[in-house]
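Here is the structure we will look at, set down as structure tokens.
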Amino acid sequence: MTLRVGVVGFGYWGPNIVRNFANLGRDARVTWICDTQGARLERARELVEGARLTERFEDLLEADDCDAIAVITPVASHHALALATLKAGKHAFVTKPMTRTVAEAAELLDEAEKRGLTLFCDHTAVYHGAVKTAKDIIDRGELGELWYFDAVRINLGLFQRDVNVLWDLASHDLAVLDYWCGQQPVSVSAVGAAHGGQPHADVAYLTVHYASSFIAHVHANWLSPTKVRRIILGGNKKMLIFDELEVSEKIKVYDRGIEVRTDEEIYDALVQYRMGDMLAPRIDLTDALAVETRHFVRCTRGEERPLTGGAAGMRVVQILEAASQSIGLGGAPVPCATLRA
Ligand SMILES: NC(=O)c1ccc[n+]([C@@H]2O[C@H](COP(=O)([O-])OP(=O)(O)OC[C@H]3O[C@@H](n4cnc5c(N)ncnc54)[C@H](O)[C@@H]3O)[C@@H](O)[C@H]2O)c1
């Protein structure tokens, strides 16, 4: 059965979503594209044949030939648009970050569950072949006990008017953290600063604390002269580096670390270093959005369960919401309540 998809929001990211749904062959068809800025819809005409274009979101809600709606607008509007989508009996694909607050996310989850609809969060990063390869390595126990997650996502970025740099950039790393490590955070602390008269932090440092000694950190920056997209995941057996900008060797697994001996009396002698081999596993280079949109279609048919469903979207929002509060409190830790699985 062909999923008939409507897309609301046709700015920078919307066209990528439209193109990928349109490329799924018989699995999906883009039937509607909506943007309140009519001029933007002109480009849509060239991108996909046969889709109806409108400035009125209600047209998508009322349309018989629209089974699912992809919400690709700024985050402030996600909750209202996604809730209306679900209430109209349609599946919702909501780009990241899913909502502004955990309360908004919870309302979407409840609505989707009540109606038996798919609520899906567009955590695109999770669908990179490299991220999947790393997940397999983690799940096989190759890294051992996880000790830390350290992400850097910096570049001379497009300043967002409505959110700070963490909501824009760190949301990707937090989605990967959630997928790879899946631990419930205890608290979040963050500091950040805004420059050039801008209202929101453009440089920020976020730390997530857990009940175990595992710790996660994300550095996000719109003011960096060069682009870095790198995550280090340290375990007690091996360590892994994911460098998104590497052409082919995006994942490197290092057999390096420390070994602590307890039979010595002098502290310096206790810690020994292990400098073993590095391995760069082969990874699937299929475009992440192609994988993700196909997976969404299968979820709406009940054939697969969302890898990044509403609950994953809510867990990322929980950390971002706490981080914004912490920035306002000068970096004080903000506790995280345990969320439903
Ligand atoms: N998953 C990813 O990797 C990824 C990448 C980039 C952006 N995004 C997300 O996509 C969303 C949009 O980002 P963008 O950079 O495309 O923004 P943008 O400002 O370029 O585009 C947003 C578009 O939505 C339209 N719009 C806003 N409110 C609307 C409404 N109520 N009804 C209809 N149209 C409306 C605007 O007119 C605009 O054309 C953000 O939430 C962002 O975080 C996700």
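The values are calculated or read from the model by the stated rules, or taken from the named source; none is laboratory data. Because the structure is predicted, anything quoted here is derived from the model rather than measured. So basically every Cβ, Gly included, is an ideal-geometry build from the backbone, and we count neighbours across all protein chains shown.
Just one of (1) in contact with a Pro (Cβ under 8 Å, 6 or more places away or on another chain); (2) more than 16 Å from residue 317 (Cβ to Cβ); (3) of a type outside the set (Phe, Trp, Tyr); (4) within 15 Å of the ligand (Cβ to nearest atom) fails for residue 84. It is (1).
Residue-wise test of (1) among the acidic types (Asp, Glu); (2) touching a Phe, Trp or Tyr at 6+ places or on another chain (Cβ under 8 Å); (3) assigned by TED's automatic domain parsing to the domain that holds residue 18.
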| site | (1), (2), (3) |
| --- | --- |
| 236 | no, yes, no |
| 247 | no, no, no |
| 250 | no, yes, no |
| 254 | no, no, no |
| 257 | no, yes, no |
| 280 | no, no, no |
| 304 | yes, no, yes |
| 322 | no, no, no |
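Listed conditions (1) surrounded by fewer than 20 Cβ atoms within 10 Å (Cβ to Cβ); (2) of a type in the set (Val, Ile, Thr); (3) under 16 Å from residue 154 (Cα atoms) are all met by residue 231, apart from (1).
Close Cβ contacts (under 7 Å, 6 or more residues apart or on different chains) running from residues in segment 1-17 that are in the same structural domain as residue 62 (by TED's automatic domain parsing) to residues that are within 11 Å of the ligand (Cβ to nearest atom) and of a type in the set (S, T, N, Q) comprise 8/73; 9/73; 13/95. Checking segment 92-107 against the condition returns no match, with no residue being aliphatic (A, V, I, L, M) and over 19 Å from the mean Cα position of the chain (by Cα).
Looking at segment 143-168, which of the residues that are of a type in the set (A, V, I, L, M, F, W, C) and not in a strand (DSSP E or B) is farthest from the ligand (Cβ to nearest atom)? Write out each step before concluding.
Keep residues of segment 143-168 that are of a type in the set (A, V, I, L, M, F, W, C), which gives 143, 146-147, 149, 151-152, 154, 156, 158-159, 163, 165-167.
Narrowing further to those that are not in a strand (DSSP E or B): 143, 158-159, 163, 165-167.
Numbers: 143: 26, 158: 7, 159: 11, 163: 8, 165: 12, 166: 12, 167: 7 Å.
Top of the filtered list is 143.
Just one of (1) within 23 Å of residue 301 (Cα to Cα); (2) part of a loop (DSSP other than H, G, I, E, B); (3) modelled with pLDDT of 95 or more trips up residue 17, so point out which. All conditions are met except number (2).
Give 208, 126 a once-over and let me know the one that is crowded, with 18+ Cβ neighbours inside 10 Å, on the phi < 0 side of the Ramachandran plot, away from the ligand (no atom under 15 Å from the Cβ) and β-branched (Val, Ile, Thr). Break it down into steps so the answer makes sense when it comes.
Numbers: 126 fails: away from the ligand (no atom under 15 Å from the Cβ).
The match here is 208.
Taking the criterion of being small (Gly, Ala, Ser), in a loop (DSSP other than H, G, I, E, B) and farther than 17 Å from residue 300 by Cβ, the residues of segment 35-78 that qualify are 50, 51.
For segment 12-45, taking the residues that are within 9 Å of the ligand (Cβ to nearest atom) and closer than 16 Å to residue 291 by Cβ, the one that is surrounded by the fewest Cβ atoms within 10 Å (Cβ to Cβ) is identified as 16.
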